[in-house]
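Contents: one structure, followed by commentary.
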Amino acid sequence: MPKSKKIAYTFVIADLLHFGHLQLLIAAKQSCNKFICGVLTDEAVMSFKGRPISDYEERKSVVESIRYVDEVMMQCSQDPTENLKKIQAKYPDAEILFVYGDNWKNVPGADYIKSANVKTIRQHFYEKLSNENISYKIIETVLPDKSGFETFTSEFTVKDFDVFRGERPRHVITTKAKTLQTLKPLLKKSYIEKTYVITVKEWLDYKNEILYSIREKFRGGKIVVRSSSINEDSLINSKAGCYHSELNVDPDDFDHIHRAINKTIASYEGEKYLEQVLIQQQAIDIYMSGVIFTHDLETSAPYYVINYDITGKTDTVTGGAGGSLAKVFRNTETFKLLQPWRDIIEAVKEIEEIIPGFDLDIEFGVKRNGQIVLFQVRPLAANRDAVKVEVNLVEKSLCMVEEHYLKLSQSFKQANENTLVFSDMLFWNPAELIGHCPSNLAYSIFEKILMVKAWHLGIQQLGYPTLPSLRLLERFLYKPYINVNLAFLALIPGTVPIKLHQRLQSYYLSKLDSDHSLHDKAEFEIMFTCYDFNLPSRLCALETHGFSSEDIQSIHDALLDFTKDIFKNYRAIYDALKDKIEKLEKFNLIPLTQLVEKMKAGQGMQLVNEMLEKCEELGTVSFSAVARLAFIGDALVRSLVTSGVISREDRDLIMNSFSTIATSLTKEINEVASGYVPIEAFLDKYGHLRSGTYDIQKDRYDRIDRNTWLQARKISRAVSSIKSELKNRINAFILDSPLKIDYETLYDFVALFISAREHFKFIYTKTVSNILELIAEAGNSMGISTRDLSCLTLDHLDLLFSGRPDELLHAISVAKQALLKTSLIDLPPLIFSTEDFRIIEYLSSRPNFITGKSEIGEIVVLDNKTNLQIDIDNKIVFIENADPGYHWIFSKNIKGLVTKYGGAASHMAICCAEFNVPAAIGCGEKYDKLAACKMISLNCAEKIIKEAL
């Protein structure tokens, strides 16, 4: 029989009674018939905290006056067991409840509570008025403008020197100098340069003595004057880079020291007397410097994140001037690391052993003799409250992806002795076309219509070789890659003797391995896919890779024959391809409303399959062919520049003279904006475009606010600027070349296929867009969002169109869980071995600069979080992976374009040349740093992109 009376008990100190305590007392009272509150004695409080401000009688009187408390008991220790025993003895027929705050790690008196069947109630802890936060406010009142007084020097551990910690120490003020001072005698795998520390007050009182002391201590080398603020290295915020530091100070130059110290002091905030200035011996003979985070700054994933620079300067990374990026999975065994990563990570692990339990931000340098120099260690404030990603979950996923790679590699090596390599940018550039982390649906459609056979059938009809049915596209976890080995073989023209194919593939792989930054430029700078006017010079590189002069001549002649044949038949080739794309264009005339009606009538799966087949047969196979022919044309024009026949500016004029679908789009936007063309006619033609061709979550033009793209722009055309002198110069050169074509033929070829490439893509993407609309409509009828639909693959669509919601929702749930497990795992841009999954060196990409123009301007980033109505006029636009859905940006007066992904011949590169818009296409990891800037300088002539200060 349940007990009718309930007695609740809790205990308090009640020294600084506040709203949080009141919440606890109210919760206790509401749970019972009678509420008894214990008040700790002075001795009990002092056993685990300092002496209370108020004595026991004063504190007891306060609690007794609170109307929610029915009775007060003295509690003589932190353990409530004795009082609970007394209450149970006094009220044997009552149910006893113990109420405590959920900030307690362990329930006090847990053993007795369990044995006596005392029920426990957890009350939410009121963090805002915790003792810690109150203490912070008190300290900040005493020292205005200071914050974050948690320290971690008191958390350092030293072997065989242990200190009991009931709870983590708080509120101890520390500085950069104090941290380095504490670390210096403990380090064996790195070292700290000679250091001298002064306070601001000491500088003001003993300036001359300090100057002479600096000269005496640091004679014979340069010094660094560095900030060492109380605010700088706390657990709450780091304020890294907020204060002044100065390199290359001469210890004999008192004026320079004086200026450097004063400038550092002037950079501090508020009251400065307690602040410090740190003077250090400047490290010499540094060949690498950088910053290491012991967990990922954005995700807290278990990676050592290393931003580094190899210029020999020690402030390029910390000063925001750039550098390279590497990530090392924390479970990676150090013996597997190459130098200098091995010594760097071992030095960091030693520091982590000294400072356990904290994510760290470590500034370091590496001397030419291999010594690791430590410049600074601070807690990684940004990660203080982040939820850690389980290292074992990452380990499990990495083992799975390594096994996948090894299986592919083993099956590939049965027919090929070369290492199997994958790239996210080479050839079909999936990072640009569908993104580095596409949804399942986007990947599935892209794979179906392009990567199964269309890519190969398209180029095969041009004379490229027939290959066994190997997969060009591979997915590791969430990320799509191109099989580099297969791409290299596929792009060797069939006229090249078959005995040279494997050797050429080996040469290509070797060149890529020696310079990873070439993987988005491989078709121009590594491979020989057609004849160009600079080919004899490029082929000379084969001499040092075992190719005989006969081999080289054979390759030259084969490429020449292949390209001549292309030019002989290019009009007939174009007409055949045009006939197919026009059939798809006619198929696309079926109104979307009619397609939706068929879908509602139960023909959804049949309809989508038909659309996919038409898209591949009539669209993407033809697109693959014209894209390859457009590349050949672009390569020929580029080779005129490298051969010295024309300048880069001449090339820009030629490329600017072509008209593509982007020109038509911009022209018709002008006409709509001016009232000459009805908006309905425009949307009927262009409404299918979306800023993410394969992404169901992106709205089409006909579903977004028209103000996004509806604005007139004056189109710059450059046809008339191609002077006769330039035409004649090109004509004379190419007529005399082995290719023996004239200027008009070359121009017609290049203009035809560059325009065709954009037009064919425009047509087949309408089919894709309509497929996505049908899927979205079917999902909407079942109450499934486009976000959830994006988790599906084409294999799941039968569940959608046959109305099986339970199975469909299960598939979505499974896909979401899989993405959740893998999305925080970093994957490399290039894969040469399983080690690349654990040791990721991001490429220092060389962007592809378009035009020779230079601009300085404010940036605007267009991404999933951006309202597309944002003003982009007179701004430099940043887009991670651009596609035709972003053509509307050329209807605005943008200053420039920057993309993370994209090759030299990508469609956005062509559009920028067409509109004479300066651009940096394919900036790689540098994109993220630039996107964080307010202003950038884009100098295409000098091939420089950087922050504008």
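The values are calculated or read from the model by the stated rules, or taken from the named source; none is laboratory data. Just so it is clear, the structure is predicted and the values come from calculations on it, not from any experiment. Glycine gets a Cβ as well: all are built from the backbone with ideal geometry, and neighbour counts include every protein chain shown.
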Problem set entry | Residues satisfying the stated conditions in the range 244-295, i.e. touching a Pro at 6+ places or on another chain (Cβ under 8 Å) and either closer than 30 Å to R838 by Cβ or part of a helix (DSSP H, G or I) (or both) | I257, M288, H295
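Here is a yes/no grid of residues against (1) modelled with pLDDT of 95 or more; (2) surrounded by fewer than 13 Cβ atoms within 10 Å (Cβ to Cβ); (3) at positive phi:
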site: F19; (1), (2), (3): no, yes, no
site: F48; (1), (2), (3): no, yes, no
site: M74; (1), (2), (3): yes, no, no
site: V99; (1), (2), (3): no, no, no
site: W104; (1), (2), (3): no, yes, no
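Can you find, within the range 350-366, the residue that is farthest from R330 (Cα to Cα) among those that are hydrophobic (A, V, I, L, M, F, W, C) and more than 26 Å from the chain's Cα centre (by Cα)?
So the residue we want is V366.
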Problem set entry | Complete set of residues in the range 495-543 that are in contact with an Asp or Glu (Cβ under 8 Å, 6 or more places away or on another chain) and of a type in the set (A, V, I, L, M, F, W, C) | L500, L518, L542
Exercise. Quick one: which of C933, C923 is under 14 Å from R846 (Cα atoms), among the hydrophobic types (A, V, I, L, M, F, W, C), part of a loop (DSSP other than H, G, I, E, B) and modelled with pLDDT of 80 or more?
Worked result: C923
Exercise. Among the residues of the range 410-419, is any modelled with pLDDT of 90 or more and of a type outside the set (V, I, T)?
Worked result: no
Seminar exercise, completed: Only one of I661, I654, I646 is within 20 Å of Y886 (Cα to Cα) and not assigned by TED's automatic domain parsing to the domain that holds S891, namely I661
Exercise. Which ones in the range 810-843 are among the small types (G, A, S) and within 16 Å of S439 (Cα to Cα)?
Worked result: A811, S813, A815, A818, S823
For this session: Please give the helices (runs of 4 or more DSSP H) falling wholly within the range 543-630 in which 3 or more residues are exposed (fewer than 14 other Cβ atoms within 10 Å of the Cβ) and assigned by TED's automatic domain parsing to the domain that holds T495.
Result: 549-587
For this session: Residue by residue through the range 850-895, note down the ones that are of a type in the set (D, E), part of a loop (DSSP other than H, G, I, E, B) and at pLDDT 80 or above.
Result: D871, D873, E880
Exercise. Can you tell me which residue in the range 782-799 is nearest to Q697 (Cα to Cα), limited to those that are among the aliphatic types (A, V, I, L, M) and under 33 Å from the mean Cα position of the chain (by Cα)?
Worked result: L789
For this session: Give the residues of the range 381-394 that are buried (at least 17 other Cβ atoms within 10 Å of the Cβ) and at pLDDT 65 or above, sorted by residue number.
Result: V389, V394
Exercise. Residues of the range 645-666 being touching a residue at least 12 places away in the same chain (Cβ under 8 Å), in a loop (DSSP other than H, G, I, E, B) and polar (S, T, N, Q), which ones?
Worked result: S657, S659, T660
For this session: Find all pairs meeting these conditions: Cβ atoms under 6 angstrom apart; at least six residues apart or on different chains; first residue within the range 791-804 and over 11 Å from I445 (Cβ atoms); second residue surrounded by fewer than 19 Cβ atoms within 10 Å (Cβ to Cβ).
Result: C791/K816; D798/M605; L799/E807; F801/M605
Exercise. Pairs under 8 Å by beta carbon, first residue touching a residue at least 12 places away in the same chain (Cβ under 8 Å) in the range 596-610, partner outside any helix (DSSP H, G or I) and among the polar types (S, T, N, Q), six or more apart or different chains?
Worked result: M605/S802
Seminar exercise, completed: Among residues of the range 425-451 being without any contact (Cβ under 8 Å) to a residue 60 or more places away in the chain and over 17 Å from the mean Cα position of the chain (by Cα), the residue surrounded by the fewest Cβ atoms within 10 Å (Cβ to Cβ) is M451
